[in-house]
Structures are given as structure tokens and as C-alpha cells.
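Down below is the structure, laid out as C-alpha cells.
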Amino acid sequence: MTPAVMGAGDLLVLALLALPVATAGILALVPSHRIGARINVGACFLALVAAVVLVAHRPEIGRYLLVDDLNISFIVLTNLVATTTSGFSASYIAHELEIGRLQPRYMRFYHAMYQLLLFAMNLALLANNIGLMWVAVELATLTTVLMVGLYRTHEALEAAWKYFILGSVGIALALYGTILVFQAALPELGQGPRAMAWSELILAAPKLDPALLNLAFIFLILGYGTKVGLAPLHAWLPDAHAEGPTPISAVLSGLLLNVALFAVLRFKMLLSANAAAMAPGPLMIAMGLLSVVFASFMLYRRNDIKRLFAYSSIEHMGIVAFAFGLGGTVANFAGLLHMAMHSLTKSAIFFAVGHVAQAKGTQKIHDIAGLTESHPILGWGLVLGVVAIAGLPPMGVFMSEFLIVTAAFARAPVLAVILVAALLVGFGALFWRLHAIAFGQPTGKSAPVEASYIPMFAHLILVLIAGVYLPAPLVRWFQTVAQALG
Amino acid sequence: MARGFAFDLAHLLSGGMVLMSFMLLYQDRLTSLLRIYALHALLLALAVAWQAHAQGAPHLYITAVIALAFKAIAIPVALHRIVRRLGIHRELETVVGIGPTMLFGMGLVALSIAVMLPVTSQADPLAREDLAFALSVVLLGLLVMITRRNAVGQVVGFMAMENGLVLAATGAKGMPLVVEISVAFSILIAFIVIGIFLFRIRERFDTVDLQALDRFRGERR
């Protein structure tokens, strides 16, 4: 990737990385939070444009960066949700400043961190080097930790600290796994960057030492699995979602969990390509299923609206891990689709929840009732989001869950029964809570909010369209990726 | 001969780190815990420098200097000051008694050797033993984190764990990005230490007992 032969694709990749960094630098200096929020939205949108154009103009595989079938879908999704969330963030932050929950002086920091997070996620997705990917995931952890603690309350600091310690332990384990993968590649690919490059590793995978790969994968799934929020390593997730600013809950659930799972998927491909290595599936199935069962029961005990949906994120990441663990084209296809649907739906729900908590002045479920009466648009938006996330037709989540369950019944009926039971349990919990929140007589305080409805409904419409009709090129593209995933 | 000596010295230094990790396990005073950690980091700096020399990889000297200046000197000094300024209890509360902890630690070392040596049978012997020792240091660091109730004690456990990772990364011959990774880790640690100081975190937040946290939040009815 020398400058002399730089094509359009290389420039776009560069834009995806350089743009957020440059914007972060600018935002750190812009004193007005209003202008800062606008620049934030604008920069995210430009990154989204670059990501979309990148689909058509893929660059050559570079030494440290690459664009392939797998990561391009994640890149588009990440930049899309980052853009809509920045729009939501602008109205959310304005309200928080108005009621004095946030100080204006933190805003430069907040916006700069938002862009830095986008940079870290793009880098983790684009990296053609497992070491570089690790550094990027670490950077993403650091920026989100800082943002989770933004409110400076005792609870927020505690949540940030807990996230920090558990996340650090997780990425430490992931690094050990990364070193082991390098060690496995050393005899085949020799010293230097080649032995850490994806494009080389995946080609050499059948010849790598299987025992080392097995061990590496255990460390990697424990390490990156902590970041995915898979049970029993999920302890940081509900706190971080509940105590941080809501835009951060949306990007955590919608994007960062996906990025960590993407890392796991890359290594899973490596193991699948090696016939002598253990099958990575059972481990992922076990952790996924445990997460689904655990989270669905935990949903009943929640009393905080953001924690409720944080546990729902654990449930859905469990479903995705289960699907990829099952493997095969159908399950992988469904897993990819479910990841995208969950990102869009869950961030839409957090957009609604953020404004609901502002309107009601509380996150306690008991103090929120009759939203469809007092705030019809917000209330119905939330209802629609919950209908989608619970997996009711015609929304997209229904389709992906249906595919996963079908694939599971064909391959492992016993596991499928457990999965379906857990899904129904979770379904019941969500609707029981939703009923109290959305319907009935409005109670408690109720302030008008200047909400931004566009991001929320944009996501929900996308989810609806995906549930009714998936364009053929998209299906074909997902199928290619699903086949590559093994 | 040179080969044999290179091997022995690398062995001695990484073995010394395992020993220091064990010493971390039974310290019951914060100041002595920090002193042992400084020694731990000093041994890491020596081990990395020796690897740099033995592998003929001069860029690893950067990692060694970072380990020496940052981990062996700056961080312990900063943590000593934090302990004094915040008036943190000098006595360390441990979750489990010292006896069982030490036994468990020995089990972890045995486990890492039993796991690592068979799978790396094709690797270079120097890297091979280094990886086994490094895994012991990582697991012992994790054990230190689990058995301490105090934020500073936990951070020391994390840093010991991270030293094990740097040892593993430098032991893997010709691994790229080692320097970058060690820098990234140093930034992480600096943030943790600043975090403790700024937010006056004295006690460990219990990460295992979710119920206690939920009660604290009024999550339970």
C-alpha cells in the first residue's frame, strides 16, 4: 500500500481511520457543545459515506489493513449506527445540559471520545493484523470506560471501574491467545508481520499446529468473550449500560459487542479451516446458550429500564454466539443477520429509552407508566422496538431468530428446545414490563422533551424492511460470508 | 555454550518472576506489596533486555526501558503516594487465607506447565519455557486480583498479570508490534492509576456478588 499505487479503495480506508482521528482533535478544541455535536454528526456521516462507497471500491489487501466480505458488512453497520447515534446524542446531550446533569465543560471531551471510539472500532474491523486488532479493541475499551463514567456519580464511577477491570482482564487474556496464534504461525510463516496477518494466517491455517490453536482459541474466546458480554463473563455489561449516558449504551450494545464478536469470528474461521484443531462450535454454543438462558430469567428481576435492555443485549449476543457456534451456511447467515438486526433494534430502543428517562426523570420501571398516553410518539416507538426485539413478525429479528431455531432443530433438537424455551421466557419478561411502561394511566412526573425521532424510526423501518423483504444482492452477499465462516 | 547460557539466564529471570508472583500472593501490607511489584517489574525489564540481546532484536530494548522506568519506578512511586494521600488501610484484607492461596497458586503453575509444554513441543525451547513461565505469571496475577479486596491490591495483580503478557510477547521470537503492545498496556495502566487517584477508589467493587450490587442500586424489591 505505497502511496504511488494508492487507489480509491485505499483512500476510503484511510478516510475511515483518519477522519475520526482528525475530528476528535478538532472536537477537543471546539468550545461550544452545540457546534461540537453538529461536527460530530457531520463527521460520522462522512465516515458512513466512505464506508458505503467502500463496498463498491475494495482496495487490495494491504500489509496492515484489509477489506473483505466479512468485515465490510460490519464496517457499514458500524458507521451507520454511529451516525444515527450521533444524531440522537445531540438532542440527548442538549437536554442533559439543560437540566444540569452534565457540565458543558465535559462536552469537548465527550465528543472527542465519541470520534476516537469510532476510530478504534473501524481500526479493529479493518485490521489485517491480530496484534493491531487487539490494540484497537483495547483503545475502544478505554474510550468507552471514560464515557461510562461521564456522570461522575458514585454509581457511574463504580460501573466504569468494574467495566475497566473486567475489560482489562478480558483483553489481557485475549493478548495471550494472540501470542499463541503467532507462536502457532511462526514455523509456517516465519518471523515478522506475516505471521500475524489475517490474509496470510487464513491461507496457512490448515498447516498450523492444532494444539496451539486450540489453546489460543480458549484464551481468545474468554478474552474477547468478556467484551461480547457472554455469560459468565458479562458482569460489567448491565452496569456500564445503565450508568453511562444513553448514547453510549446504544453504541455499546449496537456496536462494540459486535466488534468483539467479530474478533471471535475471525479466530473461529482459523480453527474451522484447520481439520486437526478442535471444533470451535461447542464452546461457543455452550457460552451462547448459557447467556440466553441466564439473561432471559434475569429480565424478570430488573427494575431499571436501561438494565432491562442491557440484559436483553446479553440474551441476543448469546443467540448470535449460539448461531455461529452451530455453524453451517444457514446458521451463519442467520447469525450475521441477527447481529445486524439486533444492532439496529437495540440502539433504536436505547434512543427511545434515553428520551423516556429524560421525560420521566427516572430510570426506575415502577415510576414509568402510560407512556403511550403521555408521550405518544416515544411510547409507540418503544412499543415497536420491543415488539421487534422480542422477535415478533414481521420485524427482522423474527426472521433471523426463526432461521436460527430452524437450523438448530435440524442439527441439535435438544439444544433447540432449550433455546426456544429461553426465548419464550425472555419474551414474557419483556412484554410484562412493556405493558406496565407503555399502557395504563400515566403516573409520576412528565416533562416534555425535545426528542429526535428520526434516528429511532429510521432504524425501526430498516428492521421492518429487512423482516419483510431482503434484497437479493444482500442475501447473496450474506451467503458468501456465511460459507466462508464455515 | 553461548546458546546454553542464553537459555539459562532467560530461564533464571523468568523463574524469578514466577517467584515474585508467589511473594505477591502472601504480602499483607500494601507498601511491601508495592515493593515486591517493583522487583517483579525490574526482573521483567532484565528478562526483556536479555531477550533483546539473545534474539538480536534491538527494538525490544525499548520495551525493557519502558518496563524499567515506568513499571519498576514511576508506577510504584505513584501508588505509594496514593496510598499515603488517600489514607488507604495499610493492612491488606484477603478473601482467602494465605495457605490455601499458595496451594492454589502452585496448582496454577503446575497447570500452566502441564498445558503449555506438550502443545509447544515443536517450538524453540527458549520460547517454549518462556511461554509456560509467562502463563504462570499471568494466572498468578489473576489470583492476586481475585484474592484482594482493595483497589490498589487489585491493580498490582493486574500489573503483574500484564508483566507476564509482556514476557510472553517478547519470548515469542520475532513477534511484531511487541513495542506497540507494551506501550498500549502502559497507557492502560496509567489510566487505571490516575482513575484510582482521581476517583478515590479505596475498596474493591465486588465483581462476583451481583446480588449485593443490585441491592445497592435498589434493584431488588
Quick one: with all protein chains in place, what share of the accessible area of chain A is carbon or sulfur, to the nearest percent (1.4 Å probe)?
71
Semi-axes of segment A:279-486's equivalent ellipsoid from the Cα gyration tensor, sqrt of 5 times each eigenvalue, largest first, rounded to whole Å?
32, 19, 12
Candidates B:E93, B:E162, B:E180; GNM for chain B (alpha-carbon contacts under 10 Å) flags as most fluctuating B:E180
How high is the relative contact order of chain B, given as a whole-number percent (alpha carbon pairs under 8 Å, six or more residues apart)?
23
What percent of all Cα-Cα pairs in the protein assembly as shown falls into each 10 Å bin, going from 0 up to the bin containing the maximum distance?
3, 15, 26, 27, 19, 8, 1, 0, 0
From the protein chains alone at 1.4 Å, what is the descending order of accessible area for A:F324, A:F333, largest first?
A:F333, A:F324
Taking beta carbons within 10 Å but only from partner chains, what does the mean come to for residues B:113-122?
4
Set of lysines with alpha-carbon distance to A:K445 below 21 Å, sequence-local pairs under 8 removed:
A:K306, A:K360, A:K364
Run the quick spin-label model on B:E93 and B:R149: label points 7 Å from Cα toward the beta carbon, then report their separation in nm to one decimal.
0.2
Mark the label point 7 Å from the Cα of A:I418 along Cα→Cβ and return the residues of segment A:304-334 whose backbone N is within less than 18 Å of it.
A:314-327
Extending each Cα 7 Å along its Cβ direction at B:R81 and A:V49, get the distance between those two points in nm, one decimal.
4.8
At 7 Å along the Cα-to-beta-carbon direction for both B:L9 and A:R63, put a label point, then send me their distance in nm to one decimal.
3.1
Inter-centroid distance (Cα atoms) of segment A:236-307 relative to segment A:352-382, Å:
27
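So for segment A:398-453, considering every pair of alpha-carbon atoms, how many percent are separated by more than 18 Å?
Values: 884 of 1540 pairs.
The answer is 57 percent, as a whole percent.
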Counting each DSSP H run of 4 or more residues in chain B as -39500 (n - 2.57), what helix-only mean residue ellipticity at 222 nm follows after dividing by all residues, to the nearest 500 deg cm²/dmol?
-25500 deg cm²/dmol
Expressed in square angstrom to the nearest 10, the accessible area of A:L186 with a 1.4 Å probe stands at 30
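Provide the gained length on full extension for the span A:K207 to A:T443, in nm with one decimal, where the gain is 0.36 nm per separating residue minus the Cα-Cα distance. Write down the numbers at each step before the final one.
Numbers: separation 236, 0.36 × 236 = 84.96 nm, distance 6.50 nm.
Contour length minus the Cα-Cα distance gives 78.5 nm.
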Averaging the inverse of every distinct alpha carbon separation and then flipping it gives the Kirkwood radius. What is it for chain B, in angstrom units?
18.1
Relative packing of peptides A:313-323, A:96-106, A:235-245, A:348-358 - highest average C-beta neighbours within 10 Å first:
A:313-323, A:348-358, A:235-245, A:96-106
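Shielding by partners for A:161-174, please: the mean number of other protein chain Cβ atoms within 10 Å of each residue's Cβ.
Values: counts 10, 5, 0, 5, 11, 1, 1, 10, 10, 0, 4, 10, 4, 0.
Partner Cβ neighbours, averaged per residue: 5.
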Number of partner chain Cβ atoms within 10 Å, mean per residue of A:302-310
2
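How large, in percent, is the carbon and sulfur part of the accessible surface of segment B:2-205 at a probe radius of 1.4 Å? Please list the in-between numbers first.
Details: 5560 of 7920 Å².
Answer for segment B:2-205: carbon and sulfur cover 70 percent of the accessible area.
At a Förster radius of 25 Å, what calculated FRET efficiency corresponds to the Cβ-Cβ distance of A:T480 and B:E180, to the nearest 0.05? Spell out each step's value before the answer.
On the way: r = 33 Å, r/R0 = 1.32.
Efficiency at R0 = 25 Å is approximately 0.15.
Could you work out the relative contact order of chain A, using alpha carbon pairs under 8 angstrom and six or more residues apart, expressed as a whole percent?
Working: 820 pairs, mean separation 69.1, N = 486.
With pairs under 8 Å counted, the relative contact order is 14 percent.
The values are calculated or read from the model by the stated rules, or taken from the named source; none is laboratory data. Keep in mind that what you see is a predicted model, and the values were worked out from it rather than measured. So basically every Cβ, Gly included, is an ideal-geometry build from the backbone, and we count neighbours across all protein chains shown. Just so you know, the surface numbers come from the protein's heavy atoms only, side chains and all, with ligands and any DNA or RNA stripped out. Shrake-Rupley method; radii C 1.70, N 1.55, O 1.52, S 1.80 Å.
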